[in-house]
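Engineer: Just passing along the structure, written as structure tokens.
The values are calculated or read from the model by the stated rules, or taken from the named source; none is laboratory data. Quick caveat: nothing in here was measured; it's all calculated off a predicted structure. We place every Cβ from the backbone using ideal geometry, glycine too, and count neighbours over all the protein chains shown.
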Amino acid sequence: MAGIYLHIPFCKKKCHYCDFHFSTRLNDRKEMIVALCQELVLAREDFIEESIKTLYFGGGTPSLLSAHELNIILKTIYKNYSISSEAEITLEANPDDLSIEKLKDFYALGIRRLSIGVQSFFDEDLYFMNRSHTALEALGSIERAQNVGFLNISMDLIYGSPTTTDRMWLKNLDIALKTGVSHISSYALTIEPKTILFNRIRLRKAPIIQEETQARQYELLVEYLEHAGFIHYEVSNFGRKGCFSRHNTSYWKGLPYLGIGPSAHSFDGFKKRRWNVRNNRLYIDSIGDGLIPSRKEQLSLADRYNEYLLRGLRTLWGVNILEIKRNCGQRYHDYLCKEAKNFIQQDILKRRKMQFLLSKKYWFYADGITSDLFFTQKTIDNDK
């Protein structure tokens, strides 16, 4: 198995754009740690023979946990699973959590990769997003982490906010490069339903997000980071050579993974997936009864084909038509080859031997373009 993802569903405050599952109420924190460990034991029957290559603490805000709490979880993992001696262990962190003492404690636990949620080096951006840190705290956290010995640091940045001018965005990138981090994940500010930002825009209390601005700032991002020697290996991810996120790369390559915690997803690498309930109390109570509160889905051939395209065309590796033939059958192989011809003529897709790749200039629109290649009910009806 590629890895284990652990969802830590707590945050200090609610970022206006966030639609991930979390709670700002920490009163059931101890119970949650116990439940996460219990789920690790309950889930091991499906994965006990597999060697784990990556561990990823996501959220929420995993850096809210103490070293003692993280150690309880890590001990449970090492007791119940076979962990590679070279496993990549990543912790997502907010800058304001990363004191020198806490960083030393994390390092002592064997955590060697940090994903720090900077988002911007401008306080006006951070205020608009309702982040809990300042620009100065962001810079300080990176410097402290490097001084402790963290060599593998990823930074999250957000572009396309109505508070972010092109000049500010270029300055963000300049500061990011000067910190010396080895990996940058950068995302467009998105308007997700049921978020504070969605409601503020709906009520005209915040400016509308401009797609043209986001597309332009994405182009600036790609040009700036590639010129600096970063490899653009996935739509939103850039890394120095040898510094790609091994955990997330396994997702894009369709490898199996186990998700632990409320809202976490699991995938067997072929046709089965499950996802846990998005409710802390229900999750804790169900796990206490010895049951993992999840829904399961058996992927159809069309699902497997569509998801393979959606993952692969977001990356520099693209999709392999022989893999499609092997896992989905001749019909899907032939369908993609037929549908791809028009995209190749328009230079939207490129073909290199057995690989189909999305042209880099269209990566910002990857999901929309890929959906045009999906195998849908309309496709089936047209074949009749």
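Engineer: Considering only segment 50-70, I want to know if a residue exists there that is outside any strand (DSSP E or B), among the acidic types (Asp, Glu) and more than 23 Å from ARG246 (Cβ to Cβ).
Structural biologist: Within segment 50-70, one or more residues are outside any strand (DSSP E or B), among the acidic types (Asp, Glu) and more than 23 Å from ARG246 (Cβ to Cβ).
Engineer: Report yes if HIS227 is assigned by TED's automatic domain parsing to the domain that holds TYR159 and surrounded by 22 or more Cβ atoms within 10 Å (Cβ to Cβ), otherwise no.
Structural biologist: no
Engineer: Only one of these conditions is not met by LEU36: (1) in a loop (DSSP other than H, G, I, E, B); (2) touching a strand residue (DSSP E or B) at 6+ places or on another chain (Cβ under 9 Å); (3) touching a residue at least 60 places away in the same chain (Cβ under 8 Å); (4) not acidic (Asp, Glu). Which number is it?
Structural biologist: Of (1) in a loop (DSSP other than H, G, I, E, B); (2) touching a strand residue (DSSP E or B) at 6+ places or on another chain (Cβ under 9 Å); (3) touching a residue at least 60 places away in the same chain (Cβ under 8 Å); (4) not acidic (Asp, Glu), only one is false for LEU36: (1).
Engineer: Related question: Do you know which of the residues in segment 321-358 that are more than 16 Å from ASP303 (Cβ to Cβ) and of a type in the set (Asp, Glu) is surrounded by the most Cβ atoms within 10 Å (Cβ to Cβ)?
Structural biologist: Among them, the one singled out is GLU339.
Engineer: For the structure I just gave you, tell me whether LEU373 is in contact (Cβ under 8 Å) with a residue 60 or more places away in the chain, outside the structural domain of TYR233 (by TED's automatic domain parsing), closer than 24 Å to PHE267 by Cα and in a helix (DSSP H, G or I).
Structural biologist: Here the answer is no, as LEU373 does not meet what is asked.
Engineer: Shifting gears a bit: Within the bounds of segment 34-56, is there any residue that is closer than 24 Å to PHE128 by Cβ, surrounded by 20 or more Cβ atoms within 10 Å (Cβ to Cβ), in contact with a helix residue (DSSP H, G or I) (Cβ under 8 Å, 6 or more places away or on another chain) and at pLDDT 95 or above?
Structural biologist: Looking through segment 34-56, none of the residues is closer than 24 Å to PHE128 by Cβ, surrounded by 20 or more Cβ atoms within 10 Å (Cβ to Cβ), in contact with a helix residue (DSSP H, G or I) (Cβ under 8 Å, 6 or more places away or on another chain) and at pLDDT 95 or above.
Engineer: Of all residues in segment 28-44, count the ones that are within 10 Å of TYR81 (Cα to Cα) and of a type outside the set (A, V, I, L, M).
Structural biologist: Residues flagged as within 10 Å of TYR81 (Cα to Cα) and of a type outside the set (A, V, I, L, M) within segment 28-44 amount to 1.
Engineer: Yes or no: GLU92 assigned by TED's automatic domain parsing to the domain that holds PHE244, of a type in the set (D, E, K, R) and not in a helix (DSSP H, G or I)?
Structural biologist: yes
Engineer: Let me ask you something else. From the list MET168, MET155, which residue is outside any helix (DSSP H, G or I), in contact with a helix residue (DSSP H, G or I) (Cβ under 9 Å, 6 or more places away or on another chain) and modelled with pLDDT of 95 or more?
Structural biologist: Going through MET168, MET155 in turn, just one is outside any helix (DSSP H, G or I), in contact with a helix residue (DSSP H, G or I) (Cβ under 9 Å, 6 or more places away or on another chain) and modelled with pLDDT of 95 or more: MET155.
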